[in-house]
Structure formats: C-alpha cells, structure tokens
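Only the coordinates and a few stated rules stand behind these numbers; no lab work does. Just so we're clear, the structure is a prediction, and the values are computed from it rather than from any experiment. Ideal geometry is used to build each Cβ from the backbone, glycine not excepted, and the neighbour counts take in all protein chains shown.
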Amino acid sequence: MIEFISQPWHWSVSGVMISLVMLSLIYLGQRFGVSSSFKAICTIGGAGIQFEYFDNDWRKHDWLLIFVVGSIIGGVIASTFLVNSEPIQISTATINDLSALGISYPKTSEEGSYFLPTDIFNLEVLKSLKGIILIVLGGFLIGFGTRWGGGCTSGHAIMGLSSLQFPSLVAVIGFFIGGLVMTHLLFPFIFSL
Amino acid sequence: MRLLRFLLVGVFFGIVMTKSEAISWFRIQEMFRFQSFHMYGIIGVAVVVGVAMQYLIKMFNLKNIFGDVIQFQEKPKIYTANLFGGFIFGLGWAMTGACPGPLYVLVGHGHWIVLIIILSALFGTLVYGALKSKLPH
C-alpha cells in the first residue's frame with residue numbers, strides 16, 4: 001500500500017484527488033479556499049481593532065485553520081513516508097532555462113530539494129536584494145493579491161471554475177497574466193541582481 | 001469531532017499536494033513556461049471532475065452531513081478586483097512557486113524559509129484590509 005502511494009502519481013490521479021478534497025469540504029458544509037486562512041489569522045491577531053475588514057468572528061473559519069494544520073501534518077507524513085528518492089521529472093527545457101538564470105535543479109535528493117531551489121530559498125539569501133524580493137515581496141503579493149482578487153488557486157481555479165463562476169474565470173486569467181509577466185519579463189531582471 | 005474531520009481532510013490535502021508535485025517551485029516554473037502538461041493536466045482534471053460533481057449535487061439536490069441541501073454561494077462580481085488582485089497574486093505565485101495551500105504543506109516538509117513567505121503573506125493581507133476602501137472593486 002505505502003509502496004503503491006509512494007510512486008509518482010499521474011497528473012490525472014492528482015486532479016481527481018484534488019476534486020475529492022473539494023467534495024469532502026462541500027459535504028462537511030464548507031467550501032474550498034485556503035487563502036481565507038490569512039484573513040482569519042490576522043483577525044485572531046487583533047487586526048479588527050484597527051481595521052474594519054478584520055472585525056468579524058474568526059470562529060466561522062475555525063474549520064479552515066484546522067484544515068491548514070492538517071495540511072502541514074500531511075506534509076510531514078508525506079515527506080517522511082511517501083516521497084520516493086527519484087527526481088521529479090521536470091522538463092529539460094525548464095531545467096535549461098532555469099540554469100541560464102543561475103538556478104540548478106538537483107540531480108539527487110542529497111544535492112537539494114525537488115520542491116524548492118534551496119540555493120535561493122534559504123535564510124542566508126535574505127541578506128540580498130534578490131532574496132528579499134523573491135521571499136518577502138513574493139509572500140506579500142500573495143497575501144495582498146488573494147484578498148483583493150477574492151481567492152487563490154483553490155477558491156477560484158478549483159472551487160469557482162467548478163461552479164462555472166465568471167468572477168473566478170476573470171481571477172484565474174489574472175493569475176496567469178501575473179505569472180507570465182513575472183516569469184518571462186521580470187525574472188531575468190530579478191535574477192541579475 | 002466536527003473539527004477532527006477537517007483535520008483529516010487537511011492531512012489528505014497535504015499528501016495530495018505533495019504527491020501531485022504541485023508544491024514544487026520547479027513545476028510552477030514549468031507551467032508558466034508552457035514546457036510541460038503536468039500542472040495543466042492536474043488543474044484541468046480537477047476542474048472537469050469538479051464541474052461534474054457540482055452539477056450532480058445540484059441536479060439531485062444532494063445533502064451535506066447536516067442533512068441540508070447543498071447550496072453554492074455566488075462569488076461577488078468584482079471583476080476589476082478579480083483581475084487586478086488575481087494579477088498581483090500571479091506575480092507572487094511565480095516568485096515563490098507556491099499558492100497558499102502548498103505554502104503550508106512545504107512547512108510540513110521542513111522548509112522553514114516558507115514561514116517567512118507566510119508571514120509576508122499575512123502582512124500583505126493586513127495591508128489589503130487597511131487599503132480596501134481605497135482600491136477599485
């Protein structure tokens with residue numbers, strides 16, 4: 001069983017599994033949308049005293065915070081028991097493009113992580129302008145953008161598109177324009193810093 | 001008990017995000033460079049199956065765990081915000097290679113640097129809350 005789960009999953013299997021996560025949350029009386037957790041955490045932190053936007057009952061989102069804790073535990077379980085040591089099959093074209101930017105893709109799991117380029121995403125790099133832009137500004141834009149746009153990949157791309165909501169389609173188009181502009185126009189500049 | 005169910009769905013989500021490789025910064029780069037079908041396949045299948053699920057739920061008036069007929073809330077039609085906010089999130093998605101769900105899962109993988117991304121995202125959320133009335137929606 002563990003061996004069966006541990007092998008790489010075909011994308012179609014993964015897609016079905018994600019829709020099952022959505023279905024489970026719907027059955028439990030909620031909806032899929034992870035970025036709302038940021039708002040709930042701000043509310044718990046007392047942001048409602050200053051700003052009306054956060055002045056509401058975070059307990060309505062207690063289930064989401066528990067879901068988030070679960071997903072961290074899921075990450076622990078998966079990384080401990082279910083990850084095989086074979087590299088993820090990233091396309092050669094991407095590996096070459098990234099190498100031109102100075103980012104290496106690890107050949108073995110000892111060399112680095114297949115999930116995060118650890119030569120950029122580490123505490124040392126926070127001392128550089130490049131690191132601050134990618135990590136601190138990148139995180140800021142995720143928080144700011146998801147609240148302004150009304151959701152992230154789970155809430156708009158999965159939940160929203162599944163119920164054929166036009167606002168979600170507009171948001172997903174926005175996600176992709178943003179991602180393409182960053183990758184193709186801004187990355188060459190940021191990585192030259 | 002009620003919350004335990006959500007914990008279990010969360011654990012399942014963390015495993016799915018890992019095994020789908022959707023938490024990989026490299027996979028997100030591959031997607032934005034149109035060099036692999038992998039991420040499009042995942043999102044595409046999830047949406048197609050999701051459309052079928054939501055259609056069947058509505059057609060048969062299926063009930064949730066509380067015995068209530070399942071209703072889907074309409075997303076607010078704030079197209080300017082959807083587009084501009086979505087664009088800004090897209091910039092951050094490409095930079096960090098992760099959307100909010102994978103950020104949490106990566107913490108479980110022991111990538112502590114991601115905690116700084118999450119803290120920054122909380123600050124971004126706070127700034128949005130402060131500026132909300134000044135932004136177009």
For this session: Enumerate by residue number the GluC sites (Glu not before Pro) in segment A:105-163 meeting two conditions: DSSP loop (anything except H, G, I, E, B), and at most 13 other Cβ atoms within 10 Å of the site's Cβ.
Result: A:GLU110, A:GLU111
Exercise. Okay, helix-only estimate at 222 nm for the protein assembly as shown: each DSSP H run of n ≥ 4 adds -39500 (n - 2.57), divide by all residues, round to 500 deg cm²/dmol; what do you get?
Worked result: -17500 deg cm²/dmol
Problem set entry | Cα lying deepest toward the dipole's positive end in the protein assembly as shown, options B:HIS109, B:THR18, B:VAL45, charges on Cβ | B:VAL45
For this session: Could you check how many percent of all C-alpha pairs in segment A:1-83 are farther apart than 21 Å?
Result: 46 percent
Exercise. Taking each full run of DSSP H in chain A as one helix, which ones are at least 27 Å long along their axis (Cα atoms) and have mean Kyte-Doolittle hydropathy of at least 1.6?
Worked result: none
Exercise. Kirkwood Rh, Cα Rg: Rg to Rh for the protein assembly as shown?
Worked result: 0.95
Exercise. Tell me, what is the Rg over Rh of segment B:55-137, with Rh the Kirkwood radius over Cα pairs?
Worked result: 1.11
Problem set entry | Cα pair count fraction exceeding 14 Å, expressed as % - segment A:109-193 | 71 percent
Problem set entry | Per-q log10 I(q)/I(0), chain A, q = 0.13 Å⁻¹ (Debye; single scatterer per alpha-carbon; no solvent) | -0.98
Seminar exercise, completed: Listing A:PHE166, B:PHE12 by rising number of other beta-carbon atoms within 10 angstrom, fewest first, gives A:PHE166, B:PHE12
For this session: Sort out for me the Cα centre separation of segment B:14-72 from segment A:24-66, rounded to whole Å.
Result: 22 Å
Problem set entry | Lysine pairs with alpha-carbon atoms under 26 Å apart, segment B:1-132, spacing 8 or more or separate chains | 5
